[in-house]
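Data block below; observations after.
The values are calculated or read from the model by the stated rules, or taken from the named source; none is laboratory data. What you see is a predicted model, and the numbers here were worked out from it, not measured in a lab. Glycine also receives a Cβ, built like all others from the backbone with ideal geometry; neighbour counts cover every protein chain displayed.
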């Protein structure tokens, strides 16, 4: 990944104390590069940023409609939610309606990231379940698709019909054969691609409409609509995805991925965006995507959802302002 | 900070997913550079890595002996402790013996980083105090010095006699005038220096002996001895500093600082080490210093304290191994 460029600086007093480098590519709906920083050919794991790609077979196969999934459930299939009662309850209801149990999930138990819920569970002595895993909606989608396709219980196996369908969709929308895959935090396979491939896929989603003639475009359009209609389900209160989508009032879908990945789908601008911070830092990917969306005119630079991640004072244990996060010169 | 070199890679499957760059300098006891990676002239905030420098005036002034501080208290003055009962209790006793109260501290309240204590406090509804702040030992030292010097209550003020003495000691052992300072997480001033300056200071500490003729060398030697004798007080159970110092069985003192800083003092090798990860990541600074200490022959590469940070499997929410942290080619 040589060629990553400086994107974000963390200032303390009158000096940049830490610096984050990365790659970013903006594509149009045909997958042509409109703007790029760093190396568009850098190969990355997109991690959770591609949940809307992983959900394409759920719709295209007919499984989503056969199971009567609503827009909220489609948004949850694309979500990295924070395990708040809102998310856990809706995923539990989805599974229950289809006759699945929590034990059918294969994402692993993860503590809730919702502060109040985590505190409640700690005091009550309740262990986190797989429903609290940020990927439980994606896995509920995998289970739904698995039943529809008649696959076995290990839907995370790369040779399972679910993951074969995911890989095919992934390679088609990125326009590239994936050079390798690895096990994600939730145990599902995660396919590698280039920055350009990821941005190309996001450009495809930006051009897709729920009433398109093409079935894949219809599926992609429905997923983008579901994400834009339910920013609270895609992440949660206080989270970057939720706050930035709300700030754009339904004009865009954005999605984070572990290790410094962020993507954005801008249907009204016909643009798709992919961003990776080389060192994997979330503070930097959030600041960089906020700055990039402002640069593209999709977000107001003074909106609280941007300012919280870019330019707001960093305060210490006594509440004293010690510095701030800034964009590096020359980026966005 | 152009010129940072790749030091640490975070692998997932068969590919490096994220990369961390940084600077590292190894100096002898005269401050001459023995080895360097990246830019020795890069200017950084050393953050908590220089607490042993900030504690020099406490001893040199005679304040420590006048107050009857023991080696454990000197180690706490150099510590970023985790706010476990061990640390909180000893700092409270120190303050109480001198007639100070928790409210005299000016480091701010910070939640304990000791898991059991944090859980106990959460369930009991106890708010964290300034004693839990990882810097409370350093601040107890500042209070002790402030009384000895007759300074006012705001010992964090850069013009306070305490901080003037700290700055003078800092510039003398780094061999450089500090180009700027900023407010640290605990509200004390933190003085910037170069990588070479920081490594030169650590080289000085490595050559200092508690029975030296020179009063500064005596003070430095006492502090290094105190740190080496009390690895549990310098950080805490499970922490990198504590585990690596135990692994070196008293042969070295190591100290972390926020935003990816690490230093090491190797008296038996007459070497001082300074390391800064450009992006500020702790996972990388811990891996890099472990690798560098192994490279220098000070730590066994297969010791659990090294393996935990370098080469051990990264496991996901289901306990599946997904990757590992490695040193970049060409570093250490």
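Looking at A:102, A:172 in this structure, which one is touching a helix residue (DSSP H, G or I) at 6+ places or on another chain (Cβ under 8 Å) and under 30 Å from residue A:251 (Cα atoms)? If you could, list the steps in order and put the result at the bottom.
Values: A:102 fails: under 30 Å from residue A:251 (Cα atoms).
That would be A:172, the only listed residue that is touching a helix residue (DSSP H, G or I) at 6+ places or on another chain (Cβ under 8 Å) and under 30 Å from residue A:251 (Cα atoms).
Answer with yes or no whether residue A:271 is touching a residue at least 12 places away in the same chain (Cβ under 8 Å) and in contact with a helix residue (DSSP H, G or I) (Cβ under 6 Å, 6 or more places away or on another chain).
Values: touching a residue at least 12 places away in the same chain (Cβ under 8 Å): yes; in contact with a helix residue (DSSP H, G or I) (Cβ under 6 Å, 6 or more places away or on another chain): yes.
Yes; evaluated as a whole, the condition is true for this residue.
Restricting to the range A:309-332, and then to whatever is outside any loop (DSSP other than H, G, I, E, B) and over 27 Å from the mean Cα position of the chain (by Cα), can you tell me which residue is surrounded by the fewest Cβ atoms within 10 Å (Cβ to Cβ)? Step through it out loud before you land on a result.
Step one: filter the range A:309-332 for residues outside any loop (DSSP other than H, G, I, E, B), giving A:313-315, A:321-327.
Add one more test, that the residue is over 27 Å from the mean Cα position of the chain (by Cα), and what stays is A:315, A:321-323.
Details: A:315: 14, A:321: 11, A:322: 19, A:323: 22.
Filtering first and then ranking leaves A:321.
This table checks each residue for (1) within 11 Å of another protein chain (Cβ to nearest Cβ); (2) assigned to a loop (DSSP other than H, G, I, E, B); (3) modelled with pLDDT of 95 or more.
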residue: A:113; (1), (2), (3): no, yes, yes
residue: A:122; (1), (2), (3): yes, no, no
residue: A:151; (1), (2), (3): no, yes, no
residue: A:170; (1), (2), (3): no, no, yes
residue: A:185; (1), (2), (3): yes, yes, yes
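Restricting to the range B:270-303, what's the tally of residues that are more than 14 Å from chain A (Cβ to nearest Cβ) and assigned to a strand (DSSP E or B)?
Of the residues in that region, 4 qualify.
Being assigned to a helix (DSSP H, G or I), away from chain A (no Cβ under 14 Å), within 23 Å of residue B:274 (Cβ to Cβ) and within 17 Å of the chain's Cα centre (by Cα), is that true of even one residue in the range B:206-217? If you could, list the steps in order and put the result at the bottom.
First, pick out the residues of the range B:206-217 that are assigned to a helix (DSSP H, G or I): B:206-207, B:215-217.
Next cut, away from chain A (no Cβ under 14 Å) only: B:206-207, B:215-217.
From what is left, the residues that are within 23 Å of residue B:274 (Cβ to Cβ) are B:206-207, B:216-217.
Cutting the leftovers down to within 17 Å of the chain's Cα centre (by Cα) gives us B:206.
Yes, that holds for at least one residue.
Quick check on residue B:131: is it more than 14 Å from chain A (Cβ to nearest Cβ) and modelled with pLDDT of 95 or more? Before the answer, list the steps.
Details: more than 14 Å from chain A (Cβ to nearest Cβ): no; modelled with pLDDT of 95 or more: yes.
Considered against the rule, which asks whether it is more than 14 Å from chain A (Cβ to nearest Cβ) and modelled with pLDDT of 95 or more, residue B:131 comes out as no.
Picking from B:240, B:294, B:284, B:253, which residue would you name as being farther than 27 Å from residue B:69 by Cα and under 16 Å from the mean Cα position of the chain (by Cα)? Give the derivation first.
On the way: B:240 fails: farther than 27 Å from residue B:69 by Cα; B:294 fails: under 16 Å from the mean Cα position of the chain (by Cα); B:253 fails: farther than 27 Å from residue B:69 by Cα.
Being farther than 27 Å from residue B:69 by Cα and under 16 Å from the mean Cα position of the chain (by Cα) holds for just one of B:240, B:294, B:284, B:253, which is B:284.
Any idea how many residues of the range B:187-198 are more than 11 Å from chain A (Cβ to nearest Cβ) and either in a loop (DSSP other than H, G, I, E, B) or in contact with a helix residue (DSSP H, G or I) (Cβ under 9 Å, 6 or more places away or on another chain) (or both)?
Count: 5.
Take residue B:176 and decide whether it is free of Cβ contacts under 8 Å to residues at least 60 places away in the same chain and surrounded by fewer than 21 Cβ atoms within 10 Å (Cβ to Cβ). Steps first, please.
On the way: free of Cβ contacts under 8 Å to residues at least 60 places away in the same chain: yes; surrounded by fewer than 21 Cβ atoms within 10 Å (Cβ to Cβ): yes.
Considered against the rule, which asks whether it is free of Cβ contacts under 8 Å to residues at least 60 places away in the same chain and surrounded by fewer than 21 Cβ atoms within 10 Å (Cβ to Cβ), residue B:176 comes out as yes.
Can we say residue B:31 is buried (at least 16 other Cβ atoms within 10 Å of the Cβ), over 30 Å from residue A:158 (Cβ atoms), in contact with a helix residue (DSSP H, G or I) (Cβ under 6 Å, 6 or more places away or on another chain) and more than 12 Å from chain A (Cβ to nearest Cβ)? Show your work before the answer.
Working: buried (at least 16 other Cβ atoms within 10 Å of the Cβ): yes; over 30 Å from residue A:158 (Cβ atoms): yes; in contact with a helix residue (DSSP H, G or I) (Cβ under 6 Å, 6 or more places away or on another chain): yes; more than 12 Å from chain A (Cβ to nearest Cβ): yes.
When the stated conditions are applied, residue B:31 passes them.
Just give me the residues in the range A:1-28 being within 11 Å of chain B (Cβ to nearest Cβ) and at pLDDT below 95, in sequence order. Outline the logic, then answer.
First, the residues of the range A:1-28 that are within 11 Å of chain B (Cβ to nearest Cβ): A:1-2, A:4, A:6-22.
Scanning the range A:1-28 gives A:1, A:2.
Mind counting the residues in the range A:255-269 that are touching a strand residue (DSSP E or B) at 6+ places or on another chain (Cβ under 6 Å) and more than 9 Å from chain B (Cβ to nearest Cβ)? Can you show your working first?
At the first step, the residues of the range A:255-269 found to be touching a strand residue (DSSP E or B) at 6+ places or on another chain (Cβ under 6 Å) are A:255-256, A:259-265.
This time we only want the ones that are more than 9 Å from chain B (Cβ to nearest Cβ), so: A:255-256, A:261-265.
The total comes to 7.
Please indicate, with yes or no, whether at least one residue in the range B:156-168 is free of Cβ contacts under 8 Å to residues at least 60 places away in the same chain, closer than 26 Å to residue B:233 by Cα and away from chain A (no Cβ under 14 Å).
Among the residues of the range B:156-168, at least one is free of Cβ contacts under 8 Å to residues at least 60 places away in the same chain, closer than 26 Å to residue B:233 by Cα and away from chain A (no Cβ under 14 Å), which makes the answer yes.
Does residue A:306 satisfy being touching a helix residue (DSSP H, G or I) at 6+ places or on another chain (Cβ under 6 Å), within 14 Å of chain B (Cβ to nearest Cβ) and either closer than 24 Å to residue A:36 by Cβ or crowded, with 17+ Cβ neighbours inside 10 Å (or both)?
For residue A:306, the condition - touching a helix residue (DSSP H, G or I) at 6+ places or on another chain (Cβ under 6 Å), within 14 Å of chain B (Cβ to nearest Cβ) and either closer than 24 Å to residue A:36 by Cβ or crowded, with 17+ Cβ neighbours inside 10 Å (or both) - is not met.
Restricting attention to the range A:66-103, and to residues there that are surrounded by fewer than 22 Cβ atoms within 10 Å (Cβ to Cβ) and within 14 Å of chain B (Cβ to nearest Cβ), which single residue is nearest to residue A:221 (Cα to Cα)?
Here the residue is A:102.
Quick one: count up the residues across the range A:234-268 that are modelled with pLDDT under 95 and crowded, with 22+ Cβ neighbours inside 10 Å.
Matching residues across the range A:234-268 total 0.
Can you find a residue that is closer than 17 Å to residue B:272 by Cβ and modelled with pLDDT of 95 or more anywhere in the range B:153-165? Show your work before the answer.
From the range B:153-165, those closer than 17 Å to residue B:272 by Cβ are none; that's our starting set.
No: zero hits.
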